[in-house]
Amino acid sequence: MNKSDRSLAAKRLKMRKEELMKTTMLAIMLLGLALPAYASEVALQTPVLPAEVFRHYVEAFNQNDNELYGQHIPNAAAWDFLKANIPLLDCPDKDIEEIYYFRWWTYRKHIKQTPVGFIITEFLPKVSWSGKYNSINCAAGHHFYEGRWLHDPKYLDDYARFWFRGGGEPRRYSFWAADAIWARTRVTGDQAVAVDLLPELIANYEAWEKTQRDANGLYWQSDDRDGGEMSLGGSGYRVTINSYQFGDALALAHLAELAGRAEVARAFRDRAATIKKLVQANLWDADAAFFKVLPRGAHTKLADVREEYGYTPWYFNLPDPSLAVAWKQLMDPQGFYAPYGPTTAERRHPGFALSYQGHECQWNGPSWPYATAVTLTGLANLLNGPPQDFISTKDYVELLKIYTKSHRLKLDDGRVVPWIDENLNPTNGDWIARTRLKTWNNGTWDAGKGGRERGKDYNHSTYCDLVISGLVGLRPRADETVEVHPLVPDGAWNWFCLDRVRYHGRTLTVLYDRTGERYHLGKGLRILADGKEIAAAPALSRLTGPLPARAE
């Protein structure tokens, strides 16, 4: 360890001791008060990472921000909220680390209090195509996958109920509702809300069947209602809606089992098996080795274009292992690979376009964080499955770094700041919709389609979940076992730590320290639960450990 590293380690240790002292004093001061259970439990644990080390990120975000649209948690309260609610990340890639905290900072902006409880918004300003309280279900699945790591459960508890009991419109756009709620349950370990909503989730599934399922057994959707307007493949039997129904069917089977409804569980497993068979038989193009759109009607043929949506089935672990060949296209510069990609359509196709004319949002070439999040989640699932030779953990990290790099905007004064918006030019990182709306002479920028900076802090994708469940590799499970499988390639990083993770009612730490000199807890990969080691390995690998019994 060099002098600089020793100094940093000493500083971190000192800050840890000071923070623990403050926590102890605070606990004494608050003795006898009715604190929320999650807050008191977290305070009792010994953290590895001192939260104050990361405060500078939030302070910088606040300083660079033009806070146009405030909701429940303003910038002034952002650090206090994040300190109390998010897992902390320490890693050698400071770009990934910065954007990790940036995306939590932006997610916090979208927590909105309504007369029926909290919801999570997609746009900060009111947009004309939204529903009640400016809600939009298009990216709600992403909202659940990302927000499931928040310590306080009330935000997503309310949000889940909103879609089915609070005036939400869960079928305005495609939405993997049951899967998303089940995914959150696997993190919290609390089944109550999901099981309570089971009747409404089943009714929602059956409503999709009535309106979107044809006699051939496949589900159809317009590309616009998939949130993918102006796509090259167009509308029809899309792998998106069919994959969502597959994922929801499996989720409903799990929830039915928890509710003691074995026959319902079997019925939904059968539905999932049927969808899997139909998708692979009808939407897989063997010549192109890719999932494609099939137009509705008699004697139709699969679309002649590969689109990034073709990776959606892996988000739900639908495809057979032999179909992993499709992933060759993701790293191919003539496929989807780009400096600020992936692209939404393969670059070799004659219809591929990066247009600054017509509709400001086109899924015929630009990079979309929404689709990138689906793709990287699907890739993490693939890399956690059977071995294949088409794509690697190194590729996952490279794509995550490209995604990270896209989170930037050069301001008029020349400063480059963290940013998330609607759609990207995959060749130069320009936020296309923002550029378009800003230059239109029809009042759109100031009113019209959402007002000034419509897409600023756009909540239409995940990032933190990709770091937690993908890169660090904490794989949520329904049982009382912690599973970690980092996708960090061996030798790429010497250390990382994900700390203060609320999981099944416990507080987890996942850390890797090649030499043992970073965190002083030993060499290798470790999982701690409530401050106690439950599993360890000398190197990066798949690792499991049993959760300790919950404290009474």
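Would you please give the residues with an amide H less than 5 Å from that of I420, counting only those at least 5 places away or on a separate chain, with H modeled from the backbone geometry?
Residues meeting the criterion, in which the H sits 1.01 Å from N, are D457, Y458.
Which pairs in the list K109/K154; K328/K410; K401/K532; K210/K292; K292/K394 are over 21 Å apart, alpha-carbon to alpha-carbon?
From the list (K109/K154; K328/K410; K401/K532; K210/K292; K292/K394), the Cα-Cα distance tops 21 Å for K328/K410; K401/K532; K210/K292; K292/K394.
What distance in nm separates the two pseudo spin-label positions at N494 and R296, each 7 Å out from Cα along the beta-carbon direction?
6.0
Under a 5 Å amide H to amide H cut-off, with H placed in plane at 1.01 Å, what residues pair with A345 once short-range neighbours are removed?
E308, G365
Roughly what would the spin-label model give for N428 and S392, points 7 Å off Cα along C-beta, in nm?
With each label placed 7 Å out from Cα toward Cβ, I get 3.4 nm.
What is the P(r) of the chain, as percent of Cα-Cα pairs per 20 Å bin from 0?
All Cα pairs, binned at 20 Å, distribute as 21, 57, 21, 1 percent.
Quickly rank 179-190, 400-411 as a protection proxy: mean count of other C-beta atoms within 10 Å, highest first.
The most tightly packed comes first, giving 179-190, 400-411.
At 0.36 nm per residue, minus the direct Cα-Cα distance, what do H72 and V417 gain on full extension? Give it in nm, one decimal, please.
Value of the extension gain: 121.8 nm.
From the gyration tensor of the Cα coordinates in region 198-340, what semi-axes in whole Å does the equivalent ellipsoid have, largest first, with each one equal to sqrt(5λ)?
28, 17, 14
Apply the Karplus curve 6.51 cos²θ - 1.76 cosθ + 1.60, θ = phi - 60°, to the phi angles in region 289-301 and return the couplings in whole Hz, x for Gly and Pro.
Using θ = phi - 60°, the values come out as 6, 7, 7, 9, 7, 10, x, 6, x, 7, 6, 8, 10 Hz.
I need the peptides 543-549, 237-243, 154-160 ranked by packing, meaning the mean over residues of other C-beta atoms within 10 angstrom, with the highest value on top.
237-243, 154-160, 543-549
Under a point spin-label approximation (7 Å from Cα along Cα-to-Cβ), what is the Q357-Q191 distance to one decimal in nm?
The two pseudo-label positions are separated by 5.8 nm.
When the helix-only estimate is applied to the chain (DSSP H runs of n ≥ 4, each -39,500 (n - 2.57), divided by the residue count), what is the mean residue ellipticity at 222 nm, nearest 500 deg cm²/dmol?
Mean residue ellipticity, 222 nm, calculated: -11500 deg cm²/dmol.
Only four residue types carry charge here, +1 at the Cβ of Lys and Arg and -1 at the Cβ of Asp and Glu. Report the dipole size of region 227-283 about the Cα centre in Debye, rounded to the nearest 20.
Using only the charged Cβ atoms, the result is roughly 180 debye.
Roughly what % of DSSP beta bridges within the chain run antiparallel, to the nearest 5?
Bridges in the chain that DSSP calls antiparallel: roughly 100 percent.
What list of ³J(HN,Hα) values in whole Hz, one per residue of region 475-489 in order, does the Karplus curve 6.51 cos²θ - 1.76 cosθ + 1.60 (θ = phi - 60°) give from phi, with Gly and Pro shown as x?
9, x, 9, 7, 8, 9, 10, 9, 10, 10, 9, x, 9, 5, x
If packing is taken as the average count of other Cβ atoms within 10 Å, what order do 372-380, 345-353 fall into, highest mean first?
Packing order, densest peptide first, comes out as 372-380, 345-353.
Charges at C-beta only: +1 for Lys and Arg, -1 for Asp and Glu. How large is the resulting dipole of the chain about its Cα centre, in Debye rounded to 20?
So the magnitude is around 480 debye.
Lys/Arg Cβ at +1, Asp/Glu Cβ at -1, dipole of the chain taken about the Cα centre: which of W104, T343, V374 is farthest positive-ward?
W104
No lab work stands behind these numbers, since they all come straight from the coordinates. Every value quoted in this text rests on a predicted model; they were computed, and no experiment measured them. As a convention, Cβ positions derive from the backbone with ideal geometry for all residues, glycine included, and neighbour counts pool all protein chains shown.
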